[in-house]
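These notes are about the structure you will find just below.
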Amino acid sequence: MNNTLTNAADSVKLFEERVAPIYTEIYRYVYTIVGEAQMAQDAVQSAMLSAFEHRDDLRDPSRFKWWMLRIAQRAAFSEIRKNKKGNVSIEAAGFDYLPSDEKSPEASAEQGEMVREILDLLAGKGEEIQRIFILKHWHGLTFQQIASAMGMNTNTIKTRYFRAREQMGQQMKRMGYIE
C-alpha cells in the first residue's frame, strides 16, 4: 500500500514538473480562445485535470506540450459552449499596447488604428483563422506546431492562413493601409 502511495505522489510530482514550464503559455492560449480571464482559468483547470487523468495515454513524452495544448483547446471550446461566448478581443490577442520608443504619438496612434483594423478583419474570418493567426504571430509557432495543436493537417493550416492573409491584404489595400 505504501508503495502505491509513493508511486502516486511521484506521478503527481512528475506531472507538476512537466506542466510548470508551459503553464503560462497554456493559459495565454486558452485566454486567446475564450477572451475572458475566469473562463480561461476554468478551462485550464479542466484541461489540467483531464490531462492528469489521461497522462498514461501520452505515447511520446517529447510531444507533451502539444498534447497539453490540444487538451487545453478542447477545454476552452467546452467552456465557450457552456457560456456561449468566445470572441477574441484586442486585449486577448495581445495587441493592447504598441511600443512607441521611437515613434511620435501620431505615428503610434496610426499604427494602433491599423492593428485594430487588422484585428477587425481577422475577427470576420472566424474563430479557426483567428487561432491560426494568434498561434503564428503571437506565440511564434510553426505551421507544423499549429497543425499539431489544432489536430489538423499542416497543409490545411498553411492554405487557410495564406488565403486569409491574401484576402486581408486586399482589404487593407482598399482601405489605404498598404499600396
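For the structure I just gave you, tell me whether Ile134 is within 15 Å of the chain's Cα centre (by Cα), outside the structural domain of Met150 (by TED's automatic domain parsing) and either of a type outside the set (Lys, Arg) or at pLDDT below 70 (or both).
Taking the combined requirement at face value, the residue does not satisfy it.
Would you check which residues across region 1-15 are at pLDDT 85 or above and in contact with a Phe, Trp or Tyr (Cβ under 9 Å, 6 or more places away or on another chain) and list them?
Going through region 1-15, the residues at pLDDT 85 or above turn out to be 13-15.
Matches in region 1-15: Phe15 only.
Pick from Arg63, Arg74: which is in the same structural domain as Ile26 (by TED's automatic domain parsing), farther than 14 Å from Ile33 by Cβ and at pLDDT 70 or above?
Working: Arg74 fails: farther than 14 Å from Ile33 by Cβ.
Arg63 is the lone residue from the list that is in the same structural domain as Ile26 (by TED's automatic domain parsing), farther than 14 Å from Ile33 by Cβ and at pLDDT 70 or above.
Being assigned to a helix (DSSP H, G or I), at pLDDT 80 or above and among the small types (Gly, Ala, Ser) narrows it down to one of Ala92, Ala147, so name that one. Show your work before the answer.
Numbers: Ala92 fails: at pLDDT 80 or above.
Answer to the selection: Ala147.
Residues in region 7-44 that are of a type outside the set (Lys, Arg), surrounded by 13 or more Cβ atoms within 10 Å (Cβ to Cβ) and under 16 Å from the mean Cα position of the chain (by Cα): how many?
Number of matching residues: 19.
Just to be sure I understand the filter: pairs with C-beta atoms under 8 Å, separated by 6 or more residues or on different chains, first member in region 147-171 and touching a residue at least 12 places away in the same chain (Cβ under 8 Å), second member among the small types (Gly, Ala, Ser). Which pairs pass?
Ile157/Ala147
The values are calculated or read from the model by the stated rules, or taken from the named source; none is laboratory data. Since we're looking at a predicted model, the values are computed, not measured. Note that we place each Cβ from the backbone using ideal geometry, even for glycine, and neighbour counts take in every protein chain shown.
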